[in-house]
Every structure is written in structure tokens, then in C-alpha cells.
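All remarks here apply to the structure that follows.
What follows draws every value from the coordinates through simple rules; no lab data is involved. Here the structure is a predicted model, which means the values were calculated and not measured. Backbone-built Cβ (ideal geometry, glycine too); neighbour counts: all protein chains shown.
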Amino acid sequence: MKKKSCIRIAAALASALLCGVLAGCTPAGTKDGSGASGSSADASQGAAGQVNQVTAGRVYAKDMDLSQYITLKDYQGFRVPRTGIEVNEQDVKDIVDNVYINTFPAELGVKDRSVVVGDTANIDYAGVKDGVAFEGGTAQDTNLTIGSGRFINGFEDGLVGVMPGETVDLNLTFPEDYGNADLAGQAVVFTVTVNYIIPEEKMDEAIQGFIPEVNSIADLNQYVYDYLYQTALDETQEEYEEEIMDTFLTQYCEFKELPQDWVNYHSEQARNYFVTAAFQMGTDPSALVETYYGMSLEDFLAEYSDIATRRDIAMQAVVKQEGLGIPSDEELDRILEQYAADSGCESVADYLGEASKEDFRQDYNYEQAFQFIIDLAGKQ
């Protein structure tokens, strides 16, 4: 595995596990030392004998002089522009067309002229073979654009010149290579009624009331564009956050010797994660890591623990510099009670599992600093 790929994977795992205590209570009411929860009580109990409990004796940032390990540069001007977000205009058009056609109100349909190629006609149809209706051959209130090629040869052409309200019989033959063997090459008759024509030029009144605050075609276009843009943002958010963190750690943090107890903690946290996952999958941790990441478990843990420790120290340093996080034990208790309630846990003890209040404080503070840096980097 290339080093860059290893770093990306390790960084993603670091993001997932650094705030493990915030995940909430597990179905079995227990949590291993990594914060990773088993999918069942049996899995949790079976892996428990292999998992190292690493929270006991953990040294927390609130009790440390972090300046021994890191110096933060002036990061107030830290920005990482969001790039690569594009919306395909054809996608916007296709969605707008689809929404418009499929929500078009019948009362606005054109009924005073015949169907021409390019029209979208609302039709009812019923197909029979040897006088017997066949599966999939009957439908009502279907919108069909004439010339689209959606239906078999002759169907769409047979509707050209038909007036809304008229019914025609179309004597057609399914192609020899049709997917349904019972119909391939068979002669059939479709009885089709044209209900109305949806005008090609879009009307504002046709979409009013369908989506709140969308009262015109221009509004609909903007709504669809905004939706696609937000979807693209959401799909690339994790990648963007990784770019921010990588830039922050390399450009605004000067690391000194890393605290070995933190390195050990994060290594064992990840090891526990893989022990639990491997047990649930019926394999062993080394085989799991080799299969998915193409490297040994020990090499992965070494890479991961270095990245996770640097992230952890950097975020805890930001917490202290910015006055973030949980300032008092009373506030810690209040927040814990709220998290436990929101997670549906019966008590704070159930919520924490085998983690401690200080584990929660450290993870909570990490999350506050992480969000602070993400928000700072994204400012316009």
C-alpha cells in the first residue's frame, strides 16, 4: 500500500475513533475501551477477553502542559477554499423536466389540438395478445413523450395526429429480441386514449403548491440547483474535512516529541476496534487488516497512532487556546446527562459504559476544537 493511502485510511479511522465515547450506549449496555460497540451482546462478550482496556490510567489534556509537545502558529487566517463542487446543468434540466411532467395538473392540459412529435401526452392504454391482456401491458395516467423511443416501434408514431379525448387501436408487433420471451415477436393490439397534452413551454402555475416557496419555473430551477449543490457538498464533506485537518496539522502545528502514553492509548484503541470487528466477522485482527488495507496490523497501528496522537494534541491545544470545551465538573455532569437522555440511555453510567467522565470530556473537547477548525477554514 502506498504511504499516502495508508495515511488517508488511518486519518479516517482517527476521525471515527477519537470521539468514540460520544457514540452513546450500546445494545448490550457495554462499550469496549476503544469506544467501538459490538453489534450484539454475544459479539461484545466474545471479543471482551481479547480487548485491552486502555482508559485506566489515561493521562488527560486538562492535566498536561501541552506546550511540551506542540506549538500552535497563528491560525486565525487559516482558510481552505472549497473546490471541485460543480452542478451539471443537464442534470438540473432533466430533474426539472421530470418534476414538471410528473406533477403537471390535468386541468391545465392542452385539449384543443392533436398530438405532434415532441409532445408529452398523458395517456391510458391496454394491451392484449390474442384478445387476452398481458402483464405490464395496461396503465393509466401515463406521461409519454412522443419520439422518445420508450415504447415499441409504432406505438408513439401511432399517436401522432390523435386528439385528446380520442381512443385508437394500435396493431403492433414486439421485436424478436424483446426481453419477455412470451411477447418477443408476438402481434398485439394496444387500445390507447389520449387524455391531454402537456405543453412544451413550461407554465409557472403548473408547479405552484407542489413545493413550498416554489412558485415559478425559475424558482424550481433554483431549488433543484441548490439541492444538487448541497448533495455534492454533503458527499464530499468528509474529504474536505480531511483536507482541512491535514493542512492545519502540517502548516500551523509544530510538533515536538509525542507523549508515548497517548501514542500507546491510540494504538490500543484501534487494536480493540479491529479485535471486535474481526470477532464479529469470524476472522482475526491481523487477517482483517491485511485483507482490507494490504499491510500488517502492527504497521497500520504505528501509522494510525502517530496520526491520532498528533490530531488529539493539536485539537486539545486549540481547546485551551480558544477556551472551548467543558469548563467545570458541574457542566460536565449536565452535558453528560443530556447526552445520555438524547441517546435513550437510562443513566449516565449506561451511556458511558466502561469509559470514564474524563474520557467523555476529552472526546467532547476534541469535537469542539475539530468543529472550530472546520468552521474557521471554511469562512469566506
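For the pair Tyr229 and Asp97, what calculated FRET efficiency results from E = 1/(1 + (r/R0)^6), where r is the Cβ-Cβ distance and R0 = 22 Å, to the nearest 0.05? Present the calculation step by step, with values, prior to reporting the outcome.
Numbers: r = 19 Å, r/R0 = 0.85.
Efficiency at R0 = 22 Å is approximately 0.75.
When the chain is treated as a GNM, springs tying every alpha-carbon pair under 10 Å, which of Arg150, Arg334, Arg310 comes out with the largest mean-square fluctuation?
Highest fluctuation among the options: Arg150.
Once both labels are modelled 7 Å past Cα along the beta-carbon direction, what's the Asp65-Glu238 spacing in nm?
Spacing of the two 7 Å Cα→Cβ label points: 4.0 nm.
How far apart, in nanometres, would the label points at Gln76 and Met203 be if each is projected 7 angstrom from Cα along the Cα-to-Cβ direction?
5.9
Quick check on region 104-206: what are the equivalent-ellipsoid semi-axes from the Cα gyration tensor, as sqrt(5λ), descending, whole Å? The partial results should precede the final answer.
Details: eigenvalues 143, 34, 28 Å².
After diagonalising the Cα gyration tensor, the semi-axes are 27, 13, 12 Å.
With +1 on the Cβ of every Lys and Arg and -1 on the Cβ of every Asp and Glu, and nothing else charged, how large is the dipole of the chain about its Cα centre, in debye rounded to the nearest 20?
It comes to approximately 980 debye.
In 10 Å bins starting at zero, report the fraction of Cα pairs in the chain per bin as a rounded %.
For the chain, the binned pair fractions read 4, 17, 19, 15, 11, 14, 14, 6, 1 percent.
Give me the Kirkwood hydrodynamic radius of region 269-349 in Å, from all C-alpha pairs, to one decimal place? Intermediate results must be reported in sequence, preceding the final value.
Values: mean 1/r = 0.0634 Å⁻¹.
Evaluated on region 269-349, it is 15.8 Å.
Select from region 242-320 those GluC sites (Glu not before Pro) which occupy a DSSP coil region and have at most 15 other Cβ atoms within 10 Å, ordered by residue number.
On the way: sites: Glu242, Glu243, Glu254, Glu257, Glu268, Glu290, Glu298, Glu303; in loops: Glu257.
Hits after loop and neighbour filter: Glu257.
How much length is gained if the chain between Phe255 and Asp112 is pulled fully straight, taking 0.36 nm per residue apart and subtracting their Cα-Cα distance, in nm to one decimal? Walk me through the numbers on the way to the answer.
Details: separation 143, 0.36 × 143 = 51.48 nm, distance 7.76 nm.
In short, 43.7 nm is gained.
Past 19 Å, Cα to Cα: identify those pairs from Lys93/Lys202; Lys256/Lys357; Lys320/Lys379; Lys256/Lys379; Lys62/Lys357; Lys73/Lys357, in the order given.
Working: Lys93/Lys202 12 Å; Lys256/Lys357 28 Å; Lys320/Lys379 22 Å; Lys256/Lys379 29 Å; Lys62/Lys357 13 Å; Lys73/Lys357 31 Å.
Distance filter (> 19 Å) returns Lys256/Lys357; Lys320/Lys379; Lys256/Lys379; Lys73/Lys357.
Do any chymotrypsin sites (Phe, Trp or Tyr not before Pro) in region 189-232 lie in a loop, going by DSSP, with at most 15 other beta-carbon atoms within 10 Å of their beta carbon, and if so which?
On the way: sites: Phe190, Tyr196, Phe210, Tyr223, Tyr225, Tyr227, Tyr229; in loops: Phe210.
The qualifying sites are Phe210.
Report the label-to-label distance for Glu298 and Asn153 in nanometres (one decimal), using points 7 Å from each Cα along the Cα→Cβ vector.
Distance between the two pseudo-spin positions: 7.0 nm.
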